[in-house]
Amino acid sequence: MIKSFLSPLNKPNILLLTTSLFGLSACAQINDNETPLEQPKNIIMVVADGMGPVFPTAYRYYHDDANTPLVERTIFDQFYVGSASTYPATESGYISTSIASGAALATGKKKPNMFVTDSAASATALAAGVKTYNGAIGVDQDKNPQLTVLEWAKSIGKKTGIAVTSQIVHATPASYIAKNVSRKNYNPIADDYFDLRVNGKLKVDVMLGGGTKYFIREDRNLKNEFVTAGYQYIDSYEQLNTLSPTQPVLGLFAKDALPAELDSKQKNRLTTLTKTAIKQLENENGYFLLLEASQIDWGAHSNDIAYSMGEMKDLAATVTYLKSYVSNNPDTLVVLTADHNTGGFTIGARGEYKWQPEYLKNLKSSPKAMAKRLADKRLSVDNLSNELGFALKSEELKKIEMILLEHTLDNHTGDLSKGKIKNKLVTRYYGYIKEIINLRTNSGWTTTGHTGIDVPVYAFGKGKEMFAGFQDNIEIANKLFTLMGKK
Ligand SMILES: [Zn+2]
């Protein structure tokens with residue numbers, strides 16, 4: 001079954017292709033004008049998934065010190081250099097369900113461009129400098145594997161790493177490492193992390209994030225294969241300090257994605273993983289590191305601004321750390337951008353001229369976690385105000401009681417399994433808690449999907465000038481290739 005998903009790709013051919021691509025090693029490191037380029041030794045690419053321009057703006061107001069008349073600038077504002085368009089290729093795998101593309105196909109016309117990308121097409125653009133269809137992992141429109149900046153870095157003798165808050169086989173990191181026709185093929189994508197090599201070597205020296213279930217499986221134990229190949233394996237944050245700096249590492253800290261920042265026992269987990277990744281990667285030839293704040297997008301898909309702001313806070317701490325790192329290591333370049341915007345979030349809604357982020361500042365857990373604990377009766381309705389960090393009105397408390405009552409009545413005659421009934425209750429509670437937060441903050445949303453707006457680009461360190469102004473997302477990869485001497 002899974003094999004048939006993979007059929008358009010012939011693994012041995014990919015190996016041959018990548019090996020032959022890497023055969024053209026980086027000998028001349030000169031740009032078109034024949035002036036030697038100032039090449040950074042280390043490159044840190046940061047992808048903030050779903051972070052359209054509205055999220056750094058919202059973070060600025062959320063972060064503002066109310067005791068001063070002007071709004072303080074954030075760490076993001078310091079490094080803003082430009083913007084990028086994100087549209088995918090016209091042949092987009094997801095649009096076959098849309099009426100427009102169906103009609104175009106029926107008449108034999110070229111599919112129209114739908115302009116709205118998913119994370120896989122966008123990450124492939126950022127990683128390999130090619131436009132592709134939504135869902136594609138490291139392959140172009142014709143499903144041919146594409147060379148990525150991470151692979152190129154490895155081929156010229158740099159160390160490579162990823163540190164992300166999703167499962168490490170999720171679309172963004174996968175697009176830098178794996179080759180697959182669909183982002184959904186998580187297990188084959190995990191296999192690629194071990195099986196696809198660069199000049200015979202394993203591709204990624206440091207892998208930190210979530211996803212044990214893809215690496216320790218019944219059909220294959222990739223964790224053991226990595227260990228046999230000389231990798232250190234860790235699965236708790238405490239072990240981060242025990243790593244030998246000379247050995248490669250696979251660190252998986254959750255079965256699937258890491259918990260949301262608001263629910264994480266390890267605070268600022270992306271920042272923590274970043275510090276370790278850099279420590280492990282530093283060497284005289286330099287390194288390429290991909291970081292992803294994976295879950296800004298997930299909060300936005302759920303129209304849950306508290307979730308997304310928690311993720312923004314961790315990202316801001318990560319960038320703050322990177323600023324100090326670059327000031328001590330000026331031969332490092334940091335580029336930060338988003339793959340697309342998510343949720344159509346608006347600062348202000350319903351005709352009212354206000355946004356009140358103070359309601360987001362004292363949450364003790366994520367709204368989803370609150371909903372789960374309410375459904376499990378581990379959190380009482382009376383304690384919900386305490387958990388949210390602001391007092392609920394009596395009518396809001398009544399509505400929460402009503403949700404349980406309605407739910408009980410609805411399910412009286414239902415034939416759903418207990419698990420499904422509970423999930424329905426969690427969904428209802430979660431929906432209402434989000435509604436309260438969206439109303440209190442006066443936040444708006446236009447979609448539970450992605451939008452096609454341009455995304456901001458931030459850069460600092462050596463070579464940052466190249467990212468100034470407007471660019472398309474494929475140009476970001478091409479600039480990184482140039483900075484690493486690829487013609
Ligand atoms: Zn998304």
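Tell me which of these ILE234 doesn't satisfy, since it passes every other one: (1) open to solvent by 10 Å² or more (accessible area, probe 1.4 Å); (2) touching a residue at least 12 places away in the same chain (Cβ under 8 Å).
For ILE234, the failing item is (1).
Pull up region 429-487, narrow it to residues that are within 16 Å of the ligand (Cβ to nearest atom) and outside any loop (DSSP other than H, G, I, E, B), then point me to the one that is surrounded by the fewest Cβ atoms within 10 Å (Cβ to Cβ).
Only one residue fits best here, namely THR451.
Can you tell me which residue in region 276-326 is nearest to the ligand (Cβ to nearest atom), limited to those that are in contact with a strand residue (DSSP E or B) (Cβ under 9 Å, 6 or more places away or on another chain) and among the small types (Gly, Ala, Ser)?
That would be ALA300.
Could you please let me know if GLY82 is in a loop (DSSP other than H, G, I, E, B) and either at pLDDT 95 or above or within 30 Å of GLY310 (Cβ to Cβ) (or both)?
No; evaluated as a whole, the condition is false for this residue.
Can you confirm whether VAL181 is open to solvent by 10 Å² or more (accessible area, probe 1.4 Å) and within 20 Å of the chain's Cα centre (by Cα)?
When the stated conditions are applied, VAL181 passes them.
Quick check on region 250-272: of everything there that is among the aliphatic types (A, V, I, L, M) and more than 16 Å from ALA190 (Cβ to Cβ), which residue is surrounded by the most Cβ atoms within 10 Å (Cβ to Cβ)?
LEU270
Does at least one position in region 45-52 carry a residue that is away from the ligand (no atom under 16 Å from the Cβ) and modelled with pLDDT of 95 or more?
Yes, region 45-52 has at least one match.
Find all pairs meeting these conditions: Cβ atoms under 8 angstrom apart; at least six residues apart or on different chains; first residue within region 320-334 and of a type in the set (D, E, K, R); second residue part of a loop (DSSP other than H, G, I, E, B) and modelled with pLDDT of 95 or more.
These pairs meet every condition: LYS323/PHE79; ASP331/PRO40; ASP331/LYS41; ASP331/GLY286; ASP331/LYS462.
Go through region 346-395 and give me each residue that's among the basic types (Lys, Arg) and closer than 21 Å to ASN442 by Cα.
Answer for region 346-395, where residues must be among the basic types (Lys, Arg) and closer than 21 Å to ASN442 by Cα: ARG350, LYS354, LYS361, LYS364, LYS368, LYS393.
In this structure, does ASP410 turn out to be surrounded by 14 or more Cβ atoms within 10 Å (Cβ to Cβ), assigned by TED's automatic domain parsing to the domain that holds GLY286 and either among the acidic types (Asp, Glu) or in contact (Cβ under 8 Å) with a residue 60 or more places away in the chain (or both)?
So ASP410 does not fit the description; no.
The values are calculated or read from the model by the stated rules, or taken from the named source; none is laboratory data. None of the values given here were measured: they were computed from a predicted structure. Every residue, glycine as well, gets a Cβ built from its backbone with ideal geometry; the counts of neighbours run over all protein chains shown. The protein model used for the area step is the full one, side chains on, heavy atoms only, and it has no ligands, DNA or RNA in it. Shrake-Rupley method; radii C 1.70, N 1.55, O 1.52, S 1.80 Å.
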